[in-house]
1. Search the structure for amide H atoms under 5 Å from the amide H of A:Arg410, placed 1.01 Å from N in the peptide plane, and list their residues when 5 or more places away or on another chain.
2. Assuming a ≥ b ≥ c are the square roots of the Cα gyration tensor eigenvalues, decide whether the range A:423-558 counts as rounded (a/c under 1.5), prolate (otherwise, with a/b larger than b/c) or oblate.
3. Would you please give the FRET efficiency between A:Asp371 and B:Ala149, computed as 1/(1 + (r/R0)^6) with r the Cβ-Cβ distance and R0 = 56 Å, to the nearest 0.05?
4. What is the dipole size for the range A:1-71, taken about its Cα centre, with +1 at each Lys and Arg Cβ and -1 at each Asp and Glu Cβ, in debye to the nearest 20?
5. Taking R0 as 45 Å, what's the FRET efficiency between A:Ala572 and A:Thr241 from their Cβ-Cβ distance, rounded to 0.05?
6. For A:Val317, what residues show an amide H to amide H distance below 5 Å, using hydrogens built from the backbone and excluding near sequence neighbours?
7. Quick one: which residues, 5+ away or cross-chain, put their amide H under 5 Å from the amide H of A:Arg535? H built at 1.01 Å from N.
8. Provide the net charge surrounding A:Val130, with neighbours chosen by a C-beta distance below 11 Å and charges set as Lys +1, Arg +1, Asp -1, Glu -1.
Amino acid sequence: MRCDDARVAASLRADDELDGAPTRADLDAHLATCAGCRSFEDALRGLRSQLRVEPVGRVPDVAPAVTARLRDGDRSGQATGRRPRPPARRRPLAVAAALAALAGATAGATFVGLGTEPRAPAAADVPALVMAAQHDIRTLEARYAVTEVAVEGVRGPGAAATRTFVADLTYRAPETLGLRVQETTAGRPDVERAAGELIVDGDRWWEATTRQCSPAAGVARCPDEARTWSRSVAGREPFATAAPVPVDLVSPVGSFALAADPPPLGERDLAGHRTLGVAVTAAQVAPILDGLSAAVELRPVHPTDPVELWLDAEHLVPLALVVRAADGPERSRWATATGASERAGDVILRLEATTARINGPVDRDAVTVPDREPSSSVDGGFRPTAGDDDPVVAGVPVPTALPEGFEPHRSGTVAAPGGPAVGVRSWSDGRAWLTVRATTEWPGGRLFGDLGPDVRPVDLGAAGVGYASADGSRIALHAADLDAVVSGSLPPDDLRAVAAGLDLVGVAVPDHWAEAATATVAEAAAALPGLLTARSADGFGAPAVRADGETVTQAHAGPGQRGFTLTQRRAAVLPPPATGDEAGVEVRGTAGRYSRERGELEWVEQGVTVSLRSHSLGLGELLAIAERLEPA
Amino acid sequence: MHETDPALVRAAAAGDLRAFEQIVRDHQQPVWRFLRRMLGDGTAAEDVAQETFLRVYRRLPGFGFESKLSTWIFQVARNAGIDELRARERQARLIGAVSPPPRSASGPGEARVEIDQALATLPVDQREALLLVEVLGLRYAEAATVLGAPVGTVKSRVFTARSRLAAWASADDGPSVDRRTPGREVTGEV
């Protein structure tokens, strides 16, 4: 095939219009041997990402102006043939964006959906597909090529402009995983450069990193102890978050559990797999990027950076990911501060599978924790038990309604010196997992189960009241003689059904516990009449609400690291600027201010000061959320 | 976007402004995004989007459901966009100034200055074909209906437009676009 024909075919395939000759296979065969055409296809994808991005909140609503002009009898010169008079400009959002820009803080950009039906119907419901597919993933063996544009501030002056790695991932459900990353030079693994490995096998966890090292003058190479560092955890609890398994590399549940439908980017073939592309942000895929960084330190990316993510069409395994630099002064300032020099739209990090085998046999050696002595080691305190022999484990309630397909996994006890004796049971189905932890010795003061500061009460029916973490991944129950917490990779509603079937009756926490100020939206609205809520913000979970006197805080978690906090306080004036970087913005038709440093947008409305705060959303998304706030 | 309920279209055609307002709200987002890329200017796109929907209202009684309503609205939007570009050309000739390429969205804080400048260097027929397919996600056949051109023409215009933009994207010193436009960074503080 000639390059000219291949490029026409690539353009057609990008639009899903390639039917007949040449075929996809003809094109792939040509691309495999032609770097020029591969980079042409890459450029097409880059253009698509750029053209489909718009600053959030920029799309104006012309309906009021149009209908007003029609009511005024302006039929656009129907009778006289003259051009219409200049329209009255009603565009609060555009004004807000312009003011924000003048203030040096432009609206962030995000992807907007396509105007017509999605091309690939299967891409329409990616979040639900990801949640469902995790049950059918037993093993994964994959190799990825990783390219990053280096950041001078991180690597030091004179560092290579780009670094390339090869990453090997081996996974066996539910919590056995090996990840090895090695920097390459001219396409070959280079043992003198950065490398890392992470190996987890049930209760054993091992991590080792090799740093690139500049030997001192007169020394041929760095001593090994200066270059490699390792640590290990034994006695690891089932699915412990303190010694995590980066399972989002296998199935990106954390990136899609609370997500709205992402805009589709079409389909493409990758490493022998049909994949679906979606447009997301770096904050949303943070669990995937963090998983990769578990083995080798990668460059920082900005939370608002647009990301193309390509998922295996059947199992929704991430097979490629391209991070580009987002646009705008906010992002530019961040780049300057971190020493990065990329321009908006530049690819800064790329991961692409070169081979991937799902549910095939895996190499046992790849997931065997080495017997080498680590630089440091920790005992997680977990002791496995068989069956219900141990009274502590026997006291852990078993859900009456386990989701279909879940089988018992590890169970045992955990005890920290001086801490309560905790029993743990776990179940799994493919990559999906579920744990119940319980103790009769909880000292109180706050909820058992590390739910974080923001929780929301959930009605568990006959099981009384429970408390859910803001992201819905944990539900705690405080019962008369037992404190328990359910956690897992299930959708929040399914997890709630499991908690409701624990044969416990949860009660409200005592007044002196940290979560006592937790409220429902209705209770908070009674405390602060006119309370605004963000219930129409798509792609975020229900709020965790706190009502402290006349201050109401609503924390919304989203997929990955996305999330924001809405705080309202009865006070007619804003407090004095806290960080000094506040800039004026127009928000909801009034003058407000925005602090980049705090990621906080503040204004006064109806005698109440309102604050929207986020470290993962840019000003543009905050303004869009602000515009859509509505009374409880 | 769902296909618009014919009853809603008929009500709007009969003069029901609330029904028409619903139609505007259902279609204005893609219309504005298309026009914004075509004109390189969000404010002009808003004005032309208003003009588009005024024309749509006027012509709605003649809409015969031969195509999807959205396709037909895109047709009207595309024609309104072309009228705007011609008006600009006329104005530039009147002023006698050296005609710059269509105003680019280089106002403070406007996102995507670079891609908009690159788009502005494309001939209008290539630009509009690319935008219908790329920004609105239309099938080639649908874009052909909007443009009143054969599918093969759409295919070749889209490809040519993409090739030019790809060359621009991969060249640091693109043929006609200075990617390092000075002064596009906004640094003022209040």
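We did not get these values from a lab; they are worked out from the coordinates using the rules stated. Please read all numbers here as calculations on a predicted model, not as lab measurements. In this analysis, Cβ positions are derived from the backbone assuming ideal geometry, glycine residues included, and neighbour counts consider all displayed protein chains.
1. Amide H neighbours of A:Arg410, under 5 Å, 5+ apart: A:Ser426.
2. Oblate shape, in that a/c is at least 1.5 and b/c is the bigger or equal ratio.
3. E between A:Asp371 and B:Ala149, to the nearest 0.05, is 0.20.
4. It works out to roughly 460 debye.
5. With R0 = 45 Å, the Cβ-Cβ based efficiency is 0.60.
6. Amide H to amide H, under 5 Å and 5 or more residues apart or across chains, A:Val317 pairs with A:Asp312.
7. Counting only residues 5 or more places away or on other chains, the set is A:Glu630.
8. Spelling it out: positives minus negatives among the neighbours equals -2.
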